[in-house]
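The values are calculated or read from the model by the stated rules, or taken from the named source; none is laboratory data. As the structure is a prediction and not an experimental result, all values here were calculated from the model. Note that we place each Cβ from the backbone using ideal geometry, even for glycine, and neighbour counts take in every protein chain shown.
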Amino acid sequence: MRLPALALLTFGLALGTTALAGHSDKAARVELGRRLFYDADLSRDGTMACATCHEQFHAFADGNRTHPGVTDEPGRRNVPGLGNVGRFSPLTWADPRQTTLADQVSVPVLGTHPVEMGMAGQQGEIVRRLAANPCYRALFARAFPSGDGSVTYPRVAEALSSFEATLISRGSPYDRGMLSDQARAGQKIIRRDCAGCHAGRDFTDLRFHALEAPQPRDLGLSEITGKAADKGAFRTPSLRNVAVTAPYFHDGASPTLAAAIARHGLHYAAPDQAAIEVFLTALTDQSFLTNAALSLPRPGACPVTNRP
Amino acid sequence: MRLSLTQLAASCLMLAAPLCAQEGAPSSSMPAAPACTAPVAPTGALAPWASPAPLTAGADGAHAALLKTGQAAQIALLPTPSVTYPLQPEKPGGSVSHGGVMALEVAKAGTYRIALSSGAWLDVVGADGAQRSVAHGHGPECSGIRKMVDFALKPGHYTVQVSANGADTIRVLVAALP
């Protein structure tokens, strides 16, 4: 079982609060973080949750080129998938400062370039909304028992990061050694031509590379470093679940795997192209896309006994 | 009112192919509202959009307000915590958002387009559960139609759920497509 803590939690929810009494703080933070991930009260008008852009059936990517925020300001970059994101650092397309999940929470929630969830300067409002909910008060108290257990913005971020760290995708046909001959042929090509950057267990070196001439609308890494050499550089994305995370690249301008491969300057004969795509599709972890322990919590009773 | 082929083609320009989500398709950008200097009245099947009748959303399936095909409605929504949806929306909205429950009677099988003035989440629930959308997109620019979702519906009773709306009102039009 990939997620024993979450599985136990789900079992506990079915049995009621008594079964949850022995839960570790970590499991409690994951449970809290899951609820927060799907809660649109983290946005200005209550319309956007983390899950609004990070949809499970897209491996927690989006399916759009970019996604506007609550003020309708257009998104700047394609929404990345979150599979195995707990192993990644740095985390985002072109900001090397975003090295931890807890810190990165503030980019969509509080950020203004662009405005996504629109809560800049409104951390207190987030706390007010959540603390008004008796269930959240109980969940925070359980998840953070060492202090006063109150709702705070740093605890919101910490709980979200705890949940995101459980977004583990290791159940693809590739992981299970179930590659077809055609997929193996595609794997050989990937190893030969792509593994310089799409390296390692998650098919990313987590480094920044410039594949094409910089575009004025998005200069990538150099926006942060100020270095001319970093213009047009973006972090290598993972290829895990890549078949369900179209469109591709930082700008989402490549609608298909074929288009994305061609954008690398790579052009293959039809059999090789097909083999590559079969291999990439074999990186899709269907259980990750449907795992109920990672999905929107069902409505109903609070999973913990309410506290005043 | 029927839609001419030309009008239909124009209104479908931004509609994506069948999908399981409403918010976008691979290779299509989730639309942001364009900058408009003046409203543009939609035409064809969407023409009733310009003259909505007031309606108050229901708080649950038993109190659903009736949506009439071909008649736009300016709907007063409820605070999300006051709404009990017959089916949990995929995007339920936060406590400060708004939503509500409506009803729709379909007499003739066909494709029905539901136009919304916002990017609210929309569910159409029939006797056999949530209906899968067959296309979606945004409306004519500057018409005030932010989002359109098409459903292939059989005759019967449907519950229309609007959730995760920022404002406390929303305009909705159900239009039968030819």
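Take segment A:250-287 and flag every residue that is hydrophobic (A, V, I, L, M, F, W, C), closer than 26 Å to A:ALA94 by Cα and assigned to a helix (DSSP H, G or I).
A:LEU257, A:ALA258, A:ALA259, A:ALA260, A:ILE261, A:ALA262, A:LEU280
Checking B:PRO18 against (1) in a loop (DSSP other than H, G, I, E, B); (2) within 14 Å of chain A (Cβ to nearest Cβ); (3) at pLDDT 90 or above, which single condition isn't satisfied?
If we test B:PRO18 against (1) in a loop (DSSP other than H, G, I, E, B); (2) within 14 Å of chain A (Cβ to nearest Cβ); (3) at pLDDT 90 or above, just (3) comes out false.
Do we find a residue being in contact with a strand residue (DSSP E or B) (Cβ under 8 Å, 6 or more places away or on another chain) and either under 17 Å from A:TYR174 (Cβ atoms) or not assigned by TED's automatic domain parsing to the domain that holds A:ARG201 (or both) anywhere in segment A:271-280?
No, segment A:271-280 has no match at all.
Just one of A:ASP230, A:ASP202, A:ASP218, A:ASP181 is surrounded by fewer than 18 Cβ atoms within 10 Å (Cβ to Cβ) and either under 18 Å from A:GLY75 (Cβ atoms) or touching a residue at least 12 places away in the same chain (Cβ under 8 Å) (or both); which is it?
A:ASP218
Please determine whether any residue of segment B:56-77 is within 30 Å of A:SER295 (Cβ to Cβ) and either in contact with a Lys or Arg (Cβ under 8 Å, 6 or more places away or on another chain) or modelled with pLDDT under 90 (or both).
yes
Of these, A:ASP103, A:ASP72, A:ASP25, A:ASP95, which one is charged (D, E, K, R) and within 14 Å of chain B (Cβ to nearest Cβ)?
Answer to the selection: A:ASP72.
When you look at A:HIS58, is it touching a residue at least 12 places away in the same chain (Cβ under 8 Å) and either among the acidic types (Asp, Glu) or farther than 18 Å from A:ALA292 by Cα (or both), yes or no?
no
Suppose we filter segment B:81-109 for residues that are farther than 18 Å from B:ALA62 by Cβ and either hydrophobic (A, V, I, L, M, F, W, C) or surrounded by 15 or more Cβ atoms within 10 Å (Cβ to Cβ) (or both); how many remain?
Counting residues in segment B:81-109 that are farther than 18 Å from B:ALA62 by Cβ and either hydrophobic (A, V, I, L, M, F, W, C) or surrounded by 15 or more Cβ atoms within 10 Å (Cβ to Cβ) (or both) gives 12.
Would you check which residues across segment B:101-132 are within 14 Å of chain A (Cβ to nearest Cβ), in a strand (DSSP E or B) and among the small types (Gly, Ala, Ser) and list them?
Once the filter is applied, which keeps residues that are within 14 Å of chain A (Cβ to nearest Cβ), in a strand (DSSP E or B) and among the small types (Gly, Ala, Ser), segment B:101-132 yields only B:ALA130.
When you go through A:PHE140, A:PHE57 one by one, which is the residue that is at the interface with another protein chain (Cβ under 10 Å from one of its Cβ atoms), part of a helix (DSSP H, G or I) and either of a type in the set (Phe, Trp, Tyr) or crowded, with 18+ Cβ neighbours inside 10 Å (or both)?
Criteria check complete, one pass: A:PHE57.
Output the residues belonging to segment A:233-249 that are within 14 Å of chain B (Cβ to nearest Cβ) and out of contact with any His (no Cβ under 9 Å at 6 or more places or on another chain).
Those that are within 14 Å of chain B (Cβ to nearest Cβ) and out of contact with any His (no Cβ under 9 Å at 6 or more places or on another chain): A:VAL242, A:ALA243, A:PRO247, A:TYR248, A:PHE249.
Evaluate segment A:118-136: report whether one residue or more is under 30 Å from A:LEU206 (Cα atoms) and either within 12 Å of chain B (Cβ to nearest Cβ) or touching a residue at least 60 places away in the same chain (Cβ under 8 Å) (or both).
Yes, the conditions are met somewhere in segment A:118-136.
Being more than 9 Å from chain A (Cβ to nearest Cβ), assigned to a loop (DSSP other than H, G, I, E, B) and in contact with a helix residue (DSSP H, G or I) (Cβ under 6 Å, 6 or more places away or on another chain) is the filter here; which residues of segment B:72-100 pass it?
Correct list: B:ALA72, B:PRO86.
Can you confirm whether B:ALA25 is exposed (fewer than 15 other Cβ atoms within 10 Å of the Cβ), at pLDDT below 95 and in a loop (DSSP other than H, G, I, E, B)?
Here the answer is no, as B:ALA25 does not meet what is asked.
Run down A:ALA159, A:ALA183 and say which single residue is in a helix (DSSP H, G or I) and over 19 Å from A:LEU296 (Cα atoms).
Sole residue among the options that is in a helix (DSSP H, G or I) and over 19 Å from A:LEU296 (Cα atoms): A:ALA183.
Give the number of residues within segment A:164-218 that are within 30 Å of A:TYR38 (Cα to Cα), among the polar types (S, T, N, Q) and out of contact with any helix residue (DSSP H, G or I) (no Cβ under 6 Å at 6 or more places or on another chain).
2
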